[in-house]
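Q: First the structure, then my questions, so here it is.
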Amino acid sequence: MGKLADIKTRPTSLNVETFINNIQDEQKRNDSLAILNIMKKAINDQPKIWGKALIGFGEVRVKSPATGREVDWFRIGFAPRKANFSLYLTGGIKRYANELEKLGKHKTGVGCLYINRLSDVDIKVLEAIINKAAKEQWQD
């Protein structure tokens, strides 16, 4: 069993809708509401603000395969960043390779999917990715 790390990014009591409604850019705000609704439907859970700007659903204990360190984290979520949206998906981005080929304009990291705006991607494919992520189990 790994050691549970004490991290700064934790669930808060901040209101998710208020957070989104305070996004200045109208397109970013509308896209955020759409992503929020897709994730709510997929995971059937209520979102929480994690830290200052992450919107996460559910909770899971994740163990780093490299260090053995464990952290409490959300199952799926997103962050409406200035440059793009960061979508956090369960268990690594490689699981979604087939869907990503059909998604449209995007970039990926180890566990994140980055999109600039919803109009750049196929919404049905994005929904399929989010639905798959919501059903996946974390694996060490």
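Q: Consider V125 carefully, then state whether it is in contact with a Gly (Cβ under 6 Å, 6 or more places away or on another chain), free of Cβ contacts under 8 Å to residues at least 40 places away in the same chain, among the β-branched types (V, I, T) and over 26 Å from S13 (Cβ atoms).
A: Criteria not met by V125.
Q: With the requirement that a residue be within 15 Å of the chain's Cα centre (by Cα), among the basic types (K, R) and farther than 23 Å from Q27 by Cβ, what does the stretch 68-93 give you?
A: Residue satisfying the conditions is R75 alone.
Q: Anything in the stretch 93-132 that is under 16 Å from A34 (Cβ atoms) and acidic (D, E)? List them, or say none.
A: The answer is D120, D122, E127.
Q: Restricting the first residue to the stretch 103-119 and requiring it to be more than 14 Å from I130 (Cβ to Cβ), which pairs with a second residue that is surrounded by 17 or more Cβ atoms within 10 Å (Cβ to Cβ) and of a type in the set (D, E, K, R) meet a Cβ separation below 7 Å and a spacing of at least six or different chains?
A: Short answer, once both residue conditions are applied: R117/D31.
Q: Which condition does I38 not pass, out of (1) outside any strand (DSSP E or B); (2) free of Cβ contacts under 8 Å to residues at least 60 places away in the same chain, if it passes all the others?
A: (2)
Q: From the list A83, A66, exactly one residue is at pLDDT below 85 and exposed (fewer than 12 other Cβ atoms within 10 Å of the Cβ). Which is it?
A: When all the criteria are applied, what remains is A66.
Q: Right, something else. Just to be sure, is L89 surrounded by 15 or more Cβ atoms within 10 Å (Cβ to Cβ) and at pLDDT 90 or above? Write out each step before concluding.
A: On the way: surrounded by 15 or more Cβ atoms within 10 Å (Cβ to Cβ): yes; at pLDDT 90 or above: no.
No: the conditions fail for L89.
Q: Take E59 and decide whether it is within 21 Å of R10 (Cβ to Cβ) and surrounded by fewer than 18 Cβ atoms within 10 Å (Cβ to Cβ).
A: So E59 fits the description; yes.
Q: If you go through the stretch 39-56 one residue at a time, how many are at pLDDT 90 or above and surrounded by fewer than 19 Cβ atoms within 10 Å (Cβ to Cβ)? Break it down stepwise before answering.
A: Just the residues of the stretch 39-56 that are at pLDDT 90 or above, to begin with: 39-43, 46-56.
Of the ones still in play, those that are also surrounded by fewer than 19 Cβ atoms within 10 Å (Cβ to Cβ) are 40-41, 46, 51-53.
Within the stretch 39-56, residues that are at pLDDT 90 or above and surrounded by fewer than 19 Cβ atoms within 10 Å (Cβ to Cβ) number 6.
Q: Which residue pairs have Cβ atoms under 6 Å apart, sit 6 or more places apart or on different chains, and have a first residue in the stretch 19-31 that is within 13 Å of L118 (Cβ to Cβ) and a second that is assigned to a helix (DSSP H, G or I) and not β-branched (V, I, T)?
A: Hits for this filter: D31/L118.
The values are calculated or read from the model by the stated rules, or taken from the named source; none is laboratory data. None of these values were measured; they are calculated from a predicted model. Methodologically, a virtual Cβ is constructed for each residue, glycine included, from the backbone with ideal geometry; neighbour enumeration extends over all protein chains shown.
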